[in-house]
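The values are calculated or read from the model by the stated rules, or taken from the named source; none is laboratory data. Fair warning: this is a prediction, and the values are worked out from it, not measured in the lab. With ideal geometry, Cβ positions are generated from the backbone for all residues, glycine too; neighbour counts draw on all protein chains shown.
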Amino acid sequence: MGVAATDTVRQLADAVSTVIVGNRRQIDLCTIAWLVGGHVLIEDVPGVGKTMLAKALAKATGCHFDRVQFTPDLLPGDITGANIYHPTQGVFEFRRGPVFTQILLADEINRATPKTQSALLEAMEERQVTVDGTTHPLPDPFVVLATQNPIEYQGTFALPEAQVDRFLMRVSLGYADLAGELEILDRFGVSSPLDELLPVTRPEDFPDLRQAVAAVHVDPDLKEYLVRIVQRTRSHPDLALGASARASLGLLRASQARALMENRQYVTPGDIKELASPVLLHRLVLRASAELRGATGEAILEEVLDTEAVPVGGRRAAG
């Protein structure tokens, strides 16, 4: 299954890249997140392809896709669904909301009120929603791709730390360079390549691919290395909040998925280092004093990665 799974994963990323110009690393990261059932926060300015990336991933995976435009007047029931009373029958019927899908695009998630944002907490962590005391399971796979604009703050509500922590990764697409933007004009000038995109996988393939990821070997010394990195974010003097145990588990699974994508049955320190930023950075909260000094989460994480000893042959050497 290892080689076959690697081929499938690469074909999946290649299919998405026929729609999204450039940004191959971000495409690979979203593919990795989907493989391990992780949610992704896509944070960038308008018009760089955030929604198109979500649609392309859904179509390439063969998953059912739904979209919710988050606005200040959106209610929790608009996402989860609600019990509707039928007076003629004298019974309540549960009408499912858009969360009952396999890939959910939560567009501009920070425009909704905290109460509405919290409607996704149970869904993202436990893959279920509870309405009026009754629990309803969500489809498998279930992945949330949420977008937010990092520079527009009027009329927005910052995501609470508990919800940010439920996102496996945060990625940014950025503007295309000159050649890339010219290619966008060529690809989308007449029709959208999304219309021609065919599924590479089916939702039924997801359990087998997930098992292939879980079968990737992680040396005990590498697990310790990973945990040391995460724990150092908790004790760093410039950080008020470090990464959680959920982050450790997410980084482990993502590293296994990256190894599978690279056609390896074992995780390397390079896998962990490559994924540390998208998995850990959005979880870090700087102290006010550190922000005043101009410190950044990127610099702190880079310092941790540069100074934490890397295991080599069962021993730790300077990284």
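Some points to look at:
- Of the residues making up the stretch 37-54, those that are of a type outside the set (A, V, I, L, M), touching a Leu at 6+ places or on another chain (Cβ under 8 Å) and either modelled with pLDDT of 90 or more or over 24 Å from Thr156 (Cβ atoms) (or both) are Gly38, His39.
- Test: residue in the stretch 228-245 that is among the hydrophobic types (A, V, I, L, M, F, W, C), closer than 22 Å to Asp44 by Cα and either without any contact (Cβ under 8 Å) to a residue 40 or more places away in the chain or out of contact with any Leu (no Cβ under 7 Å at 6 or more places or on another chain) (or both): no
- Filter result for the condition that a residue is outside any helix (DSSP H, G or I), touching a residue at least 40 places away in the same chain (Cβ under 8 Å) and surrounded by 16 or more Cβ atoms within 10 Å (Cβ to Cβ), over Val200, Val213: Val200
- Evaluation of Ser191 against the conditions (1) modelled with pLDDT under 95; (2) part of a helix (DSSP H, G or I); (3) among the small types (Gly, Ala, Ser) shows that the sole unmet condition is (2).
Okay, residues lined up against (1) at pLDDT 95 or above; (2) of a type in the set (Val, Ile, Thr):
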residue: Ala254; (1), (2): yes, no
residue: Pro278; (1), (2): yes, no
residue: Ala288; (1), (2): no, no
residue: Thr296; (1), (2): no, yes
residue: Leu301; (1), (2): yes, no
residue: Gly314; (1), (2): no, no
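- There is at least one residue in the stretch 71-85 that is at pLDDT below 85 and surrounded by fewer than 21 Cβ atoms within 10 Å (Cβ to Cβ).
- Selection within the stretch 148-168: residues that are aromatic (Phe, Trp, Tyr) and farther than 19 Å from Arg246 by Cβ. The member of this set that is modelled with the highest pLDDT is Phe157.
- Strands (runs of 3 or more DSSP E) completely within the stretch 59-158 that count 2 or more residues being aliphatic (A, V, I, L, M): 81-86, 103-107, 128-131, 143-148
- Scanning the stretch 50-105 for residues that are in contact with a helix residue (DSSP H, G or I) (Cβ under 7 Å, 6 or more places away or on another chain) and hydroxyl-bearing (Ser, Thr, Tyr) yields Thr61, Thr71, Thr80.
- Any hit, the stretch 245-255, residues being in the same structural domain as Thr233 (by TED's automatic domain parsing) and either part of a strand (DSSP E or B) or loosely packed, with under 13 Cβ neighbours inside 10 Å (or both): yes
- Residues satisfying the stated conditions in the stretch 113-125, i.e. in contact with a Leu (Cβ under 7 Å, 6 or more places away or on another chain) and modelled with pLDDT of 90 or more: Ala123
- Inspection of the stretch 14-36 identifies no residue that is at pLDDT 90 or above, surrounded by fewer than 23 Cβ atoms within 10 Å (Cβ to Cβ) and aromatic (Phe, Trp, Tyr).
- For the stretch 62-80, the condition of being in contact with an Asp or Glu (Cβ under 6 Å, 6 or more places away or on another chain), assigned by TED's automatic domain parsing to the domain that holds Thr113 and without any contact (Cβ under 8 Å) to a residue 40 or more places away in the chain holds for at least one residue.
- Output for the stretch 160-180, where each listed residue is without any contact (Cβ under 8 Å) to a residue 60 or more places away in the chain and either among the charged types (D, E, K, R) or part of a loop (DSSP other than H, G, I, E, B) (or both): Pro160
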